[in-house]
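Chemist: Structure provided below as structure tokens; questions to follow.
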């Protein structure tokens, strides 16, 4: 098991805080000790601030002692992906081309909401350079590894966050997802990862990957995801695409009765090759959902692989971002990112608009699909975690990362909420995730179905 944590979830931790059984200081010390003991092996963190974390934990401890916590997750040890601006800490985004010696005096909306609600910020987690790929390694921070098997990748681009949560190095984390970057490592590391509807969690500064980009919570339970989403789903004037506040709370909505709703189960989406063990585990979990009262019909959503359009949107976004880097940066960036950069420069404005039109058409098609089916269920990943340090599985014919994660990026293009929930392990002891996708703005529904899945798997 390689020291993968079986500690309390964030939800259980705050109950222990309320009774005085555990204090935020004790929980923070446990998380910091786990980082000290295990992170040399996993490389999930690129920055750790023990003194700052303990100071925050002491303030939280006093609030709980006085019966006055400032949020539902006050005092919970948490990490944040090194893509979010964080006052007092550099945000280097896995790149040697970003100068650490500059003022870092702005919090992103995500960081601001965490602070306002009293969560304890342990540090920042690793990312591939500019979060460009679905594994986590970079020229700046090296290779992040999977806690279930350190020879394997944690996935990416939020691989540091997933590894940290899986290994007990903090109960919660916040990642980003432009093509699967929360759900891929959540599946590979055996945790829950949620990409909410686009705009549900505000982003600042705006991502160059534009309409593909989401932020989302990562945790060890669906309840924890709901609690963290309640905190993060607050509008921020710096994001013009931010949605209005949700009606009600996700911590209540997660317990909604979804029995009788209709789910489409698509084992392959009509075009994905899935490893047999993964297919078996996912199908078994879907059978349990059906036995619990969800009406399941096996059908595909009915679109062809949008890889080419995604590639245009992704590479042009990368090229735009890298155009702001200092001269000579092309010699310092990840070689794979440099190739994507160069590819992005070959596309015209018309190419981009055509790809964006395809993205919009795909969203309309899925909107129509969801008039018949409340949710869509698929595997999260078609393959198991492969050898760390590679962008694609060694020996495969794949040329770049989207070719091995075809279940995830379509739903960035459509901007739909999608969650990965662990459903078991392969015979090699590697985690497998199941993906639940809902219509735009149905974050509460997706969480409720995920909660039902979690319950039937653990009953």
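The values are calculated or read from the model by the stated rules, or taken from the named source; none is laboratory data. Since we're looking at a predicted model, the values are computed, not measured. Cβ atoms come from the backbone with ideal geometry, glycine included; neighbour counts cover every protein chain shown.
Chemist: Based on this model, can you work out whether residue 217 counts as closer than 24 Å to residue 406 by Cα and under 17 Å from the mean Cα position of the chain (by Cα)?
Modeler: yes
Chemist: Go through the residues of region 29-45 one by one and say whether even a single one is farther than 27 Å from residue 429 by Cα and in a helix (DSSP H, G or I).
Modeler: yes
Chemist: Do we have any residue at all in region 74-95 that's over 27 Å from residue 430 (Cα atoms) and either assigned to a helix (DSSP H, G or I) or at pLDDT below 95 (or both)?
Modeler: Taking every residue of region 74-95 in turn, none turns out to be over 27 Å from residue 430 (Cα atoms) and either assigned to a helix (DSSP H, G or I) or at pLDDT below 95 (or both).
Chemist: Next question. Within region 403-415, how many residues are buried (at least 22 other Cβ atoms within 10 Å of the Cβ) and farther than 26 Å from residue 233 by Cβ?
Modeler: 1
Chemist: In region 416-439, which residues are touching a helix residue (DSSP H, G or I) at 6+ places or on another chain (Cβ under 7 Å), over 18 Å from residue 220 (Cβ atoms) and surrounded by fewer than 24 Cβ atoms within 10 Å (Cβ to Cβ)?
Modeler: 426, 427, 439 - these are the residues of region 416-439 that are touching a helix residue (DSSP H, G or I) at 6+ places or on another chain (Cβ under 7 Å), over 18 Å from residue 220 (Cβ atoms) and surrounded by fewer than 24 Cβ atoms within 10 Å (Cβ to Cβ).
Chemist: For region 273-311, how many residues meet the condition of being in contact with a strand residue (DSSP E or B) (Cβ under 8 Å, 6 or more places away or on another chain), part of a loop (DSSP other than H, G, I, E, B) and crowded, with 18+ Cβ neighbours inside 10 Å?
Modeler: 3
Chemist: Take residue 446 and tell me if it is closer than 20 Å to residue 128 by Cα and touching a residue at least 12 places away in the same chain (Cβ under 8 Å).
Modeler: So residue 446 does not fit the description; no.
Chemist: Specify the residue that is surrounded by the fewest Cβ atoms within 10 Å (Cβ to Cβ); the eligible residues are those in region 114-127 that are in contact with a strand residue (DSSP E or B) (Cβ under 9 Å, 6 or more places away or on another chain) and more than 22 Å from residue 433 (Cα to Cα).
Modeler: 115
Chemist: Would you call residue 353 more than 24 Å from residue 280 (Cα to Cα), in a helix (DSSP H, G or I) and free of Cβ contacts under 8 Å to residues at least 24 places away in the same chain?
Modeler: Taking the combined requirement at face value, the residue satisfies it.
Chemist: While we're on this one: Consider residue 314 against the criteria (1) modelled with pLDDT of 95 or more; (2) part of a helix (DSSP H, G or I); (3) farther than 30 Å from residue 297 by Cβ; (4) over 22 Å from the mean Cα position of the chain (by Cα): it satisfies all of them except one. Which criterion is unmet?
Modeler: The failed condition is (4).
Chemist: So, one more: Going through region 319-339 one residue at a time, which ones are outside any loop (DSSP other than H, G, I, E, B) and either modelled with pLDDT of 95 or more or surrounded by fewer than 21 Cβ atoms within 10 Å (Cβ to Cβ) (or both)?
Modeler: 319, 320, 321, 329, 330, 331, 335, 336, 337, 338, 339
Chemist: Turning to a different aspect of this structure: If we only count strands (runs of 3 or more DSSP E) wholly inside region 364-459, which ones have 3 or more residues that are at pLDDT 95 or above, within 17 Å of the chain's Cα centre (by Cα) and under 28 Å from residue 257 (Cβ atoms)?
Modeler: By residue number, 418-425, 431-437.
Chemist: Given the structure, is residue 71 buried (at least 19 other Cβ atoms within 10 Å of the Cβ), touching a residue at least 40 places away in the same chain (Cβ under 8 Å), over 29 Å from residue 322 (Cα atoms) and out of contact with any strand residue (DSSP E or B) (no Cβ under 8 Å at 6 or more places or on another chain)?
Modeler: yes
Chemist: Next question. Any residue at all in region 61-73 that's within 20 Å of the chain's Cα centre (by Cα), at pLDDT 95 or above, part of a loop (DSSP other than H, G, I, E, B) and farther than 19 Å from residue 142 by Cα?
Modeler: Among the residues of region 61-73, at least one is within 20 Å of the chain's Cα centre (by Cα), at pLDDT 95 or above, part of a loop (DSSP other than H, G, I, E, B) and farther than 19 Å from residue 142 by Cα, which makes the answer yes.
Chemist: Would you say residue 344 is buried (at least 21 other Cβ atoms within 10 Å of the Cβ) and free of Cβ contacts under 8 Å to residues at least 60 places away in the same chain?
Modeler: yes
Chemist: Now a separate question. Looking at (1) touching a strand residue (DSSP E or B) at 6+ places or on another chain (Cβ under 9 Å); (2) surrounded by fewer than 24 Cβ atoms within 10 Å (Cβ to Cβ), which one does residue 139 not meet, given that it meets all the others?
Modeler: Result: residue 139 fails condition (1) only.
Chemist: Only one of these is crowded, with 24+ Cβ neighbours inside 10 Å, over 30 Å from residue 26 (Cβ atoms) and under 14 Å from the mean Cα position of the chain (by Cα): 180, 159, 175. Name it.
Modeler: Residue meeting the stated conditions: 180.
Chemist: Of the residues 417, 394, 385, which is free of Cβ contacts under 8 Å to residues at least 40 places away in the same chain and in contact with a strand residue (DSSP E or B) (Cβ under 8 Å, 6 or more places away or on another chain)?
Modeler: 394
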